[in-house]
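Worksheet: one structure, shown below.
The values are calculated or read from the model by the stated rules, or taken from the named source; none is laboratory data. None of the values given here were measured: they were computed from a predicted structure. Note: ideal-geometry Cβ built from the backbone for every residue, glycine included; neighbour counts use all protein chains shown. Quick note on the areas: whole protein, heavy atoms, side chains included, nothing else; ligands and nucleic acids left out. Shrake-Rupley method; radii C 1.70, N 1.55, O 1.52, S 1.80 Å.
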Amino acid sequence: MRHCAKHAALKARWLSTLGIARSLLIYWRPGRQRGLKKLYQPFLSPGALAFDIGAHLGDRSAAFHALGAHVVALEPHPLLARWCRRMIGDGVTLLPLAAGKTPGHAELAINPANLTVSTLADQWREQIGRHNAGFAHLSWGERERVDVTTLDALIAQYGEPAFIKIDVEGFEADVLAGLSLPVAALSVEFVSGALEVSHACVERLSTLGDYRYNIVVGEQRHFRWSGWKSEAEVHAWLTAGAEGLASGDIYACRTDHPLLSSSF
């Protein structure tokens with residue numbers, strides 16, 4: 001039994017190492033930071049505050065910091081957090097926390113071969129493989145008890161951010177449920193097969209303020225739409241299947257944001 005347990009632990013460690021290496025190739029490939037800084041520059045002036053919820057390997061935090069922003073990043077998985085710190089240095093406030101609707105504790109489900117899909121969203125995890133072929137081979141066989149905070153608690157401690165990036169594998173709507181202020185701008189991940197989460201995010205934002213929306217596809221670093229869409233338009237886009245796109249991020253800007261001045 002001890003031999004089997006040792007073998008399983010070694011296998012999990014090996015899979016995690018391979019997963020980290022793959023993620024480093026994706027998120028830290030040459031030229032990516034330049035594109036990210038161009039994407040986020042309209043949202044973050046020097047001295048602004050940014051939250052990175054689900055920092056993973058820190059590529060977005062690094063871009064925010066390079067633009068002169070003060071960055072508060074959350075990454076609850078210990079190994080990812082260590083790699084994140086290694087990649088971004090000490091200029092970013094990195095907290096070993098998840099974010100959710102209420103403060104407390106939760107069980108983080110972990111896929112050792114792909115740590116960046118670790119999630120608190122049990123229903124999303126149970127269903128996504130049936131609706132998205134890209135997740136069909138994944139399993140979440142490990143658990144890690146993590147501390148959970150809220151966006152409101154972070155704002156109370158650090159101030160109101162100019163931009164929030166939320167990428168938490170199906171838990172985005174729960175994170176937004178812990179926000180009661182209409183912040184200036186933010187992004188939430190969308191994934192084919194779980195677009196109901198994106199609907200819930202847009203609905204939540206509509207209760208906070210008047211927003212307009214755009215998208216970035218996959219790991220691209222530019223907006224897909226030439227103009228920013230209304231709540232009704234983005235709901236219709238999601239209902240129609242989000243163009244069959246595998247994944248990406250929905251960006252929301254409050255209607256008084258300078259980025260939208262040319263659109264109205």
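Does ALA177 qualify as being open to solvent by 20 Å² or more (accessible area, probe 1.4 Å), farther than 26 Å from GLN41 by Cβ and at pLDDT below 95? Judged against the criteria, ALA177 is not a match. The residues listed here are HIS199, HIS222; of these, the one that is touching a His at 6+ places or on another chain (Cβ under 8 Å) and open to solvent by 30 Å² or more (accessible area, probe 1.4 Å) is HIS199.
One line per residue, one yes/no per condition, for (1) part of a loop (DSSP other than H, G, I, E, B); (2) in contact with a Lys or Arg (Cβ under 8 Å, 6 or more places away or on another chain):
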| site | (1), (2) |
| --- | --- |
| VAL216 | no, yes |
| ALA236 | no, no |
| ALA252 | no, yes |
| ASP256 | yes, no |
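Could you please find all residues in the range 207-219 being in contact with a helix residue (DSSP H, G or I) (Cβ under 8 Å, 6 or more places away or on another chain), free of Cβ contacts under 8 Å to residues at least 60 places away in the same chain and open to solvent by 30 Å² or more (accessible area, probe 1.4 Å)? The answer is ARG212, and nothing else. Taking (1) touching a Lys or Arg at 6+ places or on another chain (Cβ under 6 Å); (2) open to solvent by less than 30 Å² (accessible area, probe 1.4 Å); (3) not polar (S, T, N, Q) in turn, TRP228 satisfies each apart from (2). Look through the range 126-160, keep the residues that are of a type outside the set (A, V, I, L, M) and part of a strand (DSSP E or B), and return whichever of them is farthest from GLU172 (Cα to Cα). Among those residues, the one meeting the criterion is GLU142. Can you list residue pairs whose Cβ atoms sit under 7 Å apart, with the first residue in the range 244-264 being modelled with pLDDT of 95 or more and the second being among the hydroxyl-bearing types (Ser, Thr, Tyr) and assigned to a helix (DSSP H, G or I)? Count only pairs 6 or more apart in sequence or on different chains. Filtered contacts from the range 244-264: ILE250/SER198.
All conditions in (1) in contact with a strand residue (DSSP E or B) (Cβ under 9 Å, 6 or more places away or on another chain); (2) of a type in the set (A, V, I, L, M); (3) over 22 Å from ALA184 (Cβ atoms); (4) assigned to a helix (DSSP H, G or I) hold for LEU108, with the sole exception of (4). Taken over the range 57-79, the criterion of being modelled with pLDDT under 95 and assigned to a strand (DSSP E or B) is satisfied by no residue. Is it the case that the range 224-233 has a residue that's in contact with a Leu (Cβ under 7 Å, 6 or more places away or on another chain), within 23 Å of ALA121 (Cα to Cα) and of a type outside the set (S, T, N, Q)? Checked the range 224-233: no residue is in contact with a Leu (Cβ under 7 Å, 6 or more places away or on another chain), within 23 Å of ALA121 (Cα to Cα) and of a type outside the set (S, T, N, Q).
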